[in-house]
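Heads up, the thing below is written out as structure tokens.
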Amino acid sequence: MEKIETEGYLYEIIKNDRDCFNLSEFKEKVTDYFFEFDYIFGDYAYDKLRLKGYYDSKNEKVKEINDIKFIDDYIKNYCVYGAKYFLLKKIK
């Protein structure tokens, strides 16, 4: 799996639908808000990148709205049909 680094955090790209991940676009959009999450999900709605943070199900901060086990529900209910998306997992 491909790894990327930003702001001193290392991530592994675990899903990259239709090779949509763009590092420079991601770095422009990501803020320190996202760095506490175990995962960062990105999708494209009308050619605009949207980001959402998720926790591992075992993380003490997890709630149903940001539990990674519900990501398929999010994609189905909140992403534009057929949208390209990616998922990054924080390694450190």
| request: Could you list, in sequence order, all residues of the stretch 1-20 that are surrounded by fewer than 12 Cβ atoms within 10 Å (Cβ to Cβ) and in contact with a strand residue (DSSP E or B) (Cβ under 6 Å, 6 or more places away or on another chain)? | output: MET1, GLU2, LYS3
| Going by the conditions given, is ASN16 within 14 Å of LEU88 (Cα to Cα) and in contact (Cβ under 8 Å) with a residue 60 or more places away in the chain? | yes
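Given the condition in a strand (DSSP E or B) and either surrounded by 15 or more Cβ atoms within 10 Å (Cβ to Cβ) or of a type in the set (Phe, Trp, Tyr) (or both), answer yes or no: does some residue in the stretch 21-28 qualify?
No, there is no match, as no residue in the stretch 21-28 is in a strand (DSSP E or B) and either surrounded by 15 or more Cβ atoms within 10 Å (Cβ to Cβ) or of a type in the set (Phe, Trp, Tyr) (or both).
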| Members of the stretch 38-50 that are surrounded by fewer than 18 Cβ atoms within 10 Å (Cβ to Cβ) and either within 14 Å of ILE13 (Cα to Cα) or not hydrophobic (A, V, I, L, M, F, W, C) (or both) | TYR46, ASP47, LYS48, ARG50
| query | Since LYS92 meets every condition but one in (1) of a type outside the set (Asp, Glu); (2) modelled with pLDDT of 95 or more; (3) farther than 21 Å from ARG18 by Cα, which condition does it not meet? | reply | (2)
| query | Before we move on, is TYR81 outside any strand (DSSP E or B), touching a residue at least 12 places away in the same chain (Cβ under 8 Å) and among the hydroxyl-bearing types (Ser, Thr, Tyr)? | reply | no
| query | What is the one condition in (1) closer than 19 Å to GLU2 by Cβ; (2) outside any strand (DSSP E or B); (3) at pLDDT 95 or above; (4) of a type in the set (D, E, K, R) that LYS69 does not satisfy? | reply | (1)
| query | Do you know which of the residues in the stretch 35-58 that are outside any loop (DSSP other than H, G, I, E, B), over 9 Å from the mean Cα position of the chain (by Cα) and in contact (Cβ under 8 Å) with a residue 12 or more places away in the chain is nearest to THR6 (Cα to Cα)? | reply | PHE35
| task | Give the stretch 59-75 a look and list any residue that's exposed (fewer than 11 other Cβ atoms within 10 Å of the Cβ) and over 15 Å from the mean Cα position of the chain (by Cα), or say none. | result | GLU60, LYS61, LYS63, GLU64
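The values are calculated or read from the model by the stated rules, or taken from the named source; none is laboratory data. These numbers were taken from a predicted model, which means no experiment stands behind them. Every residue, glycine as well, gets a Cβ built from its backbone with ideal geometry; the counts of neighbours run over all protein chains shown.
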